[in-house]
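The values are calculated or read from the model by the stated rules, or taken from the named source; none is laboratory data. Keep in mind that this is a model prediction, so the values were computed, not measured. Quick reminder, even Gly has a Cβ in these numbers, built from the backbone with ideal geometry, and neighbours come from all protein chains shown. All accessible areas refer to the heavy atoms of the entire protein, side chains included, with ligands and DNA or RNA removed. Shrake-Rupley method; radii C 1.70, N 1.55, O 1.52, S 1.80 Å.
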Amino acid sequence: MAMSTMIHNHLRPTFNPSSNRVSIIRSHKDHQQVVIDLFKKKQVVIDRPSSQASSNRATTRLAESFSNLLDHLHIETPPKSNWDLICEEKRSTPTMSPKEVISEKWREIHGENDWDNLLHPLHPWLRREIVKYGEFAQATYDAFDFDSFSEYCGSCRYNRSKMFEKLGLDKNGYKICKYIYAMSHIDMPQWLQRSQLGDTWSKDSNWMGFVAVSDDNETRRIGRRDIVVSWRGTVAPSEWYEDFQRKLEPVGETDAKVEHGFHTIYTSKSDFTRYNKSSASEQVMKEVSRLVQLYRAKGEEVSVTITGHSLGGALALLNAYEVAATIPGLPISVISFGAPRVGNNAFREELHQMGVKTLRVVVKQDLVPRMPGVVFNESLQVFDEITGPLDWVYIHVGVELKLDVRSSPYLKRGFNLSGFHSQETYLHLVDGFIGSSSTYRSDARRDVALVNKACDMLVDELRIPRCWYQMENKGLVCNGHGRWVKPKRDPEDIPSPIGEPHCQSLDRLQPIYL
């Protein structure tokens, strides 16, 4: 038997779970004793006939030499870090806990008492509802065609009957009834300069969101038929300063004023366009009014919940203002994420008088909620006794839930404009939020990897690629001739404003082509 074989047979690797490493020998004494025993037992192989004492000394010296060598031999695997253990634990748990029945508490959860005693600490039922509506807002980004080389850039990539399924939201208990398109008559920057192609599906309009309604099962769980309107935001926060026109214009018949650019996007239309012969305002109000009338006629209690991120949060407030003025007695709540200021004090007071409940979710490090009105904002109200209410000052609306990036151990420190403003960052922080003085909750369920879909906010130890959410192969597919080409959309996924059927019965929802 060869020397290497003898050593291998006697020195089996041992696993030490406490140190998470594999070592051949544990200590110097173990090294020496094992080697000495080995040579004593096998000395017939290495010794020639000689005196017993001389043989023993030679064996001992050789054993000691091997012992010194083995002192430096450690076969190790990389130690398991705390991040590895956390990731393993997260991978073995579902991303959602069972849904609670909130039918008896839905009014309180949707702001009947302005969320008093529900935010600090954050009530788990309210947390789930915030995340649910936040995922509707995120869906407007995930389904949007950002590809500037696509002839459909600026549209939704899927038709209404399968969008939630494609985005993994098909179990949320809602069905989409209508898509919303918007345009602008003002000189908007890059977010409207979509396609690099001359021949596109639309030169004037963008897909801006959708109207959805709860199905029967979700309606029973939440205690009413819930109509959701979800608005999309801008592509990048760096465009915000250009988006703002910084000019207030009147809305309604009172002293209420709102930011000119937001209002223009909400109300613009043109007979020369294909998708905005009616404005985003007219599209959404027609559908919401129809759904309210439909379900009220069936004797059901109906609510409207409007959500949006960034610019979408601003459009959500304008939408809520119009719904409240048009359909009296309808419970209306707005849950916005990273939304800017929209109007003046009169606008805020009128929303309050009409009973609109607004929960603004903001991240402390995000700059967008500080605009417009970085200087002239609600902080000037301390001078109201001297100056009176100033109708040219921007004022935030509703109750604020403030989050802090530093509360999460998964997020990087340092300045990251797009990461702070990302909707997925917002959802991650809401999921882990307990209270303003508490750490990130250990039993948070939402998948941490989602944070890096469109930014680079996760710590490197998690090994999650930055900006990983994209179409496979940048949208190119290999055709039957082996050529890599842009695929053609299925006919039902091609935008079309003509012949929009309504979802009259959610139980027998037919495919909708838009």
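Per-structure values
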| quantity | calculated |
| --- | --- |
| Close pairs (8 angstrom Cβ cut-off, 6 or more residues apart or separate chains): under 25 Å from LEU359 (Cα atoms) in the range 408-427, of a type in the set (S, T, N, Q) and open to solvent by less than 10 Å² (accessible area, probe 1.4 Å) anywhere | LEU411/THR425; GLY419/THR425; HIS421/SER310; GLN423/SER310; GLU424/ASN452 |
| The range 473-491 residues that are under 19 Å from ARG157 (Cβ atoms), paired with ones that are part of a strand (DSSP E or B) and open to solvent by less than 60 Å² (accessible area, probe 1.4 Å) (beta carbon under 8 Å, 6 or more apart) | LEU476/VAL485; VAL477/VAL485 |
| Residue within the range 214-235 that is open to solvent by 30 Å² or more (accessible area, probe 1.4 Å), at pLDDT 95 or above, of a type in the set (D, E, K, R) and in a loop (DSSP other than H, G, I, E, B) present | yes |
| Check on MET163, at pLDDT 95 or above, under 29 Å from ASN452 (Cβ atoms) and not hydroxyl-bearing (Ser, Thr, Tyr) | yes |
| Test result for PHE337, aromatic (Phe, Trp, Tyr) and within 21 Å of ASP114 (Cα to Cα) | yes |
| Qualifying residues in the range 292-315 (those that are crowded, with 19+ Cβ neighbours inside 10 Å and in contact with a His (Cβ under 9 Å, 6 or more places away or on another chain)) - the one farthest from ASN344 (Cα to Cα) | SER303 |
| Looking only at the range 290-308, and only at residues there that are part of a loop (DSSP other than H, G, I, E, B) and either in contact (Cβ under 8 Å) with a residue 24 or more places away in the chain or in contact with a strand residue (DSSP E or B) (Cβ under 6 Å, 6 or more places away or on another chain) (or both), the one that is farthest from ASP226 (Cα to Cα) | GLU300 |
| Any hit, the range 431-439, residues being modelled with pLDDT under 95, surrounded by fewer than 17 Cβ atoms within 10 Å (Cβ to Cβ) and assigned to a helix (DSSP H, G or I) | no |
| Residue within the range 105-118 that is under 16 Å from the mean Cα position of the chain (by Cα) and in contact (Cβ under 8 Å) with a residue 24 or more places away in the chain present | no |
| Any chance ALA324 is open to solvent by 10 Å² or more (accessible area, probe 1.4 Å) and among the small types (Gly, Ala, Ser) | yes |
| Given (1) surrounded by 18 or more Cβ atoms within 10 Å (Cβ to Cβ); (2) modelled with pLDDT under 95; (3) under 18 Å from ASP366 (Cα atoms), index of the condition ALA444 fails | (3) |
| Total residues in the range 309-339, condition not in a helix (DSSP H, G or I) and not hydroxyl-bearing (Ser, Thr, Tyr) | 12 |
| Helices (runs of 4 or more DSSP H) fully within the range 91-174 counting 2 or more residues that are under 30 Å from LEU476 (Cβ atoms) | 124-142, 163-166 |
| Of all residues in the range 246-289 being aliphatic (A, V, I, L, M) and part of a loop (DSSP other than H, G, I, E, B), the one that is most open to solvent (accessible area, probe 1.4 Å) | VAL251 |
| Test: residue in the range 496-511 that is under 27 Å from the mean Cα position of the chain (by Cα) and either at pLDDT 90 or above or assigned to a loop (DSSP other than H, G, I, E, B) (or both) | no |
| GLY134 being among the small types (Gly, Ala, Ser), within 22 Å of ARG445 (Cα to Cα) and either at pLDDT below 95 or touching a helix residue (DSSP H, G or I) at 6+ places or on another chain (Cβ under 6 Å) (or both) | yes |
| Given (1) at pLDDT below 90; (2) surrounded by 20 or more Cβ atoms within 10 Å (Cβ to Cβ); (3) within 20 Å of the chain's Cα centre (by Cα), number of the condition TYR174 does not satisfy | (1) |
| ARG463, sole failed condition from (1) at pLDDT 90 or above; (2) open to solvent by less than 80 Å² (accessible area, probe 1.4 Å); (3) over 19 Å from PHE144 (Cβ atoms) | (2) |
| So ASN473, is it open to solvent by 70 Å² or more (accessible area, probe 1.4 Å), among the polar types (S, T, N, Q) and part of a helix (DSSP H, G or I) | yes |
